[in-house]
1. Quick check, is G344 assigned to a loop (DSSP other than H, G, I, E, B) and at pLDDT below 90?
2. Could you grab me the full set of residues in the range 165-212 that are farther than 22 Å from I15 by Cα and of a type in the set (S, T, N, Q)?
3. Of all residues in the range 15-61, which are over 30 Å from M95 (Cα atoms), part of a strand (DSSP E or B) and of a type outside the set (V, I, T)?
4. Looking at the range 24-69, which of its residues are on the phi > 0 side of the Ramachandran plot and touching a helix residue (DSSP H, G or I) at 6+ places or on another chain (Cβ under 6 Å)?
5. If a residue counts only when it is in the same structural domain as V327 (by TED's automatic domain parsing), small (G, A, S) and modelled with pLDDT under 90, which strands (runs of 3 or more DSSP E) contained entirely in the range 368-481 have at least 1 such residues?
6. For the range 110-141, name all the residues that are touching a helix residue (DSSP H, G or I) at 6+ places or on another chain (Cβ under 7 Å), over 28 Å from A76 (Cβ atoms) and in contact (Cβ under 8 Å) with a residue 40 or more places away in the chain.
7. Identify the single condition in (1) in a loop (DSSP other than H, G, I, E, B); (2) buried (at least 20 other Cβ atoms within 10 Å of the Cβ) that A215 does not satisfy, given that it satisfies every other one.
8. Out of P38, P33, I need the residue that is farther than 24 Å from D74 by Cβ and either touching a residue at least 40 places away in the same chain (Cβ under 8 Å) or crowded, with 21+ Cβ neighbours inside 10 Å (or both). Which one?
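The values are calculated or read from the model by the stated rules, or taken from the named source; none is laboratory data. On a predicted model such as this, the values are computed, not experimentally measured, just so you know. Positions of Cβ are generated from backbone atoms using ideal geometry, with glycine treated the same way; all protein chains shown enter the neighbour counts.
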Amino acid sequence: MTNVPSFSNAKVLVIGDVMLDRFWHGQATRISPEAPVPVVKVSDVDDRPGGAGNVAVNLAALGVATTLSGLVGDDAHAAVLRAAVEEKGVRWSVMPCAAETIVKLRVMSRSQQLIRLDFEGSFSDYVDSSFLQYSTNLIAEHDVVLLSDYAKGTLNQVGSLIDACKRQGVPVLVDPKGSDFERYRGASVITPNLSEFEAVVGACFQDDDLISSRARSLCATHDFDAVLVTRSERGMTLQTKEGEPLHLPALAREVFDVTGAGDTVIAAIAAGMASHEPLETATRLANVAAGLVVGKVGTAAVTRSELADALQAESLFDSSLLVDEGVVTEVELLSAVAQLRAAGHRIVLTNGCFDILHPGHVSYLSEAATIGDVLIVAVNSDASVSRLKGDGRPVNNLDARMSVLAGLRSVNYVVPFSEDTPARLIKAVTPDALVKGGDYEVSQIAGHEHVIAQGGKVVILDFVEGHSTTATIARMTTNDE
């Protein structure tokens, strides 16, 4: 996928909880004499559409003709919010009511959020027949309806809106809230994040197969066409009612702020669907958009040109030419690393003997994999292990050890090295992160000087208590006796 749809003919209606995101920016250079808190001298106020408003702004940034519907108060904050929404090219079709407009105030200093203050009440009492009729009348003129639920009451009767969309043959996407997914019965696509998903289906332990099987069950139970689970640093999983799952890795290179990332994801999917793209293509667009928006501060949007540039960069990465993952030679590894790095992927490298793989290793490697995009495990040769560990080691030969490591979901590449330390290999790879498990100081880790000098980082992770290869061998020897 290298082309971004024009989106120029797409029309999307966003219905949901509309709110104002207000940012106070200033320098925090001293502590208050009244309490141990920073004093922020506010120098700038930035008002942005939040909640469903942010979803609508994300759609408009992509070039989609967007209408926003919901409830606000009849107050000054509503006027500020309307101006901010219309400034972004969104059509305002929001009804005023007797409640106060929701405001989320964030105090910022040096791009860091110090505190958030919420001013809000529920809109549930104002979701009457006139509001439902008003919103329902807007459906027919749009290609897709997007329901943005922040549990503020605007979607208190969400089932009626979904039924209206189905009667008119308009796909409806839902960004859900809470653990009652039956409320969204019949939706075309729902987009929970992993914690929201697990609150309904139970813990999935970042297991791809478990997530996809439980998402498929949700489709059957609640008559969804598809479920998209956003998984933070592990990317996202799309599962349709009957098809195969689509697991996409996270594409973010730098994460500054995850505020509103879910809004960007569902907006990009809606834009793709409204442009008559297949759901899988729309999801891939959303994954790229999510990687871009977390590199921005606060509730933000991704433009179509930014998305096009990111996809162009991604197209330079020809995965068909990439060396297959698993056990590789050093020459094959360096070829793969060159292409992965050109595509912007973050490389993580760790090393060890891994003579008898135990739960401590598995946990440590799983954690190491979350630090970047690609995990390389460098393994000591048999002769190297013997020199380091003594006679009788290794218990398992090099081929066996590498084969077991390559079978782990967290590991991308396994490569051998013959020296006592992998310093030479580390210099050749120059990983973004060098990871070691155990009780080490950074200065004790081979290759640390080179990695740090090149702008990378060295990370030390703890092993699971009570597990070690030496202890395992000792227990085996004792049992044999």
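1. The answer is yes for G344.
2. Hits for the range 165-212 are S195, Q206, S212.
3. Those that are over 30 Å from M95 (Cα atoms), part of a strand (DSSP E or B) and of a type outside the set (V, I, T): H25, G26, Q27, A28, R30, P38, K41, S43.
4. Across the range 24-69, the qualifying residue is only G63.
5. Working: elements: 374-380, 413-417, 433-437, 457-461.
Output list reads 433-437.
6. Within the range 110-141, just I139 meets the criteria.
7. (1)
8. P38
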